[in-house]
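Comments concern the structure below.
The values are calculated or read from the model by the stated rules, or taken from the named source; none is laboratory data. Keep in mind the model is a prediction, meaning the values are calculated, not measured. FYI the Cβ positions are ideal-geometry reconstructions off the backbone, even for glycines, and counts take in every protein chain you see. These area figures cover heavy atoms from the full protein model, side chains too; ligands, DNA and RNA do not enter into them. Shrake-Rupley method; radii C 1.70, N 1.55, O 1.52, S 1.80 Å.
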Amino acid sequence: MTDGVLSDRELRAAVRDGWIASDVPLGDAQYQPASLDLRLGSYAWQLRASFLPFSETVAGRLGGEPTESDLVIDRLSLEGGATLQRGSVYLVPLLESLRLPAHVRGRSNPKSTTGRLDIFTRVITDRTPRFDEIRPGYAGPLYLEVSPQSFPVRVHAGLSLNQLRLLVGAPALSDAELARVYGESPLLYDDDGRPLPVERAVFNDGLCMGIDLSGRTTGGIIGYRAHPNPPAVDLARVGAYDPGEYWEPIKRPARDSYILEANRFYILVSKERIRVPPEFAAEMVVYDAGAGEIRTHYAGFFDPGFGYGDGDVLGTKVVMEVRAREVPFMVYDGQTSFKVGFERLRSRPQRVYGVGLASSYQLQTLTLSKQFRR
């Protein structure tokens, strides 16, 4: 098999061939252009702490009877829905399991809505020392660690919080390859729909992007800060909640800078608009820990066609989930805060993001999760 990320066509074949299995049949809505939505199972364990199984199975680490485990506080049924509390750690067996060939590995990311609600999630597999990375040839169950940080959230069995990608070889583009792709078809645009020349793009193990503090396209609002004691959010409800009960809008500062409070959660937006052509997938990655102790993304995967559509979309803003660590941190308009790595697909998807596929964020600017009224 050639190197690359498997597209939706190949993911459907992977299900038919038994690489991905579930006792509950997979639905068509789970297939994204280059990823598969994973679903919560029927129950969750509330844990005392996060953990990695390392050389053991997850079940082995929990103990023969999880209710008697030193790690487990309680078991919650998700069949009728359950509210997960802020700051608590939960482990949910997922409906999907894997039996991958020796040359295929997996990687997981939170979905966009998950990140925008500040829900910290990570996939765990048996006998692994790492979160979210699934070794080549893995055969076994999948578990999702879930820890709401800003809002209590109500979830139910079958809900998707994370997505799975399958990869072969080394699909990542080098900076030289990425610059060549950019030269053929610009990947960054400004707010007036003009492409940024490749000479102005910054490549550093990915395509660098910055923060927009101008409020130019958002009515003078540059971001949102989560309220400290908000009500719960039911993830099954779309367009149901008044943003004012959960978020404080941040007006454009008088200067070109803004101070992020330590350990507060913010929704900000990128300075540039990005395009992901249908032949590629993209992922936000850490810019540089030495450039400031802020986390700038939770859910950072862009499906093929994001900001591109069928060629008629001239880029889409990137919504950033931001948290300053330990100390307050000042950011400046246009300051580089994250970068985007691009990966080749093994084949063109049957459906691309925003074309023949429902999308909540294709034309986003400064957009909260879909649970909030716009």
Given 88-95, 40-47, 11-18, the highest-first ranking by average Cβ count within 10 Å works out to 88-95, 40-47, 11-18
For a quick check of understanding: with a 1.4 angstrom probe and all protein chains in place, what accessible area in square angstrom does residue 73 have, to the nearest ten? 100
Got a number for carbon plus sulfur as a percent of the chain's accessible area, 1.4 Å probe? 47
Leaving out ligands and nucleic acids, note down the accessible area per residue over the range 1-54 with a 1.4 angstrom probe, in whole Å². 43
Go through 181, 222, 94 and say which Cα lies farthest out towards the positive end of the charge dipole of the chain; charges sit on Cβ, +1 for Lys and Arg, -1 for Asp and Glu. 222
Ranked highest first by average number of other Cβ atoms within 10 Å, how do 308-317, 276-285, 186-195 line up? 276-285, 308-317, 186-195
Farthest positive-ward along the chain dipole, Cα basis, beta-carbon charges - from 81, 15, 203: 81
With all protein chains modelled, accessible area of residue 103 [1.4 Å, Å²]: 90
Interchain or long-range residues, amide H under 5 Å from residue 235's placed H: 154
Which GluC sites (Glu not before Pro) does the range 27-84 hold that lie in a coil by DSSP with at most 15 other beta carbons within 10 Å? 56, 79
(1) 185; (2) 371; (3) 140: which one is volume of the Cα convex hull per residue in Å³ as calculated from this entry? (3)
With the 1.4 Å probe rolled over protein heavy atoms, the range 111-187 has an accessible area per residue in Å² of 32
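Treat every Asp and Glu Cβ in the range 154-245 as -1 and every Lys and Arg Cβ as +1, leave all other atoms uncharged, and give the resulting dipole magnitude about the Cα centre to the nearest 20 debye.
Details: 8 positive and 12 negative charges, 61 e Å.
My answer is approximately 300 debye.
When only Cα pairs under 8 Å and 6 or more residues apart are kept, what is the percent relative contact order across the chain? Please report the intermediate quantities before stating the final value.
Values: 968 pairs, mean separation 75.7, N = 374.
Relative contact order, the chain: 20 percent.
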Anisotropy class of the range 108-243 from Cα gyration tensor, a/c 1.5 cut: oblate
Highest to lowest packing among 164-173, 251-260, scored as the average C-beta count within 10 Å: 164-173, 251-260
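Could you size up the charge dipole of the chain around its Cα centre, putting +1 on the beta carbon of Lys and Arg and -1 on that of Asp and Glu, and report it in debye to the nearest 20?
Details: 44 positive and 46 negative charges, 71 e Å.
Taking the Cα centre of the chain as origin, the dipole is about 340 debye.
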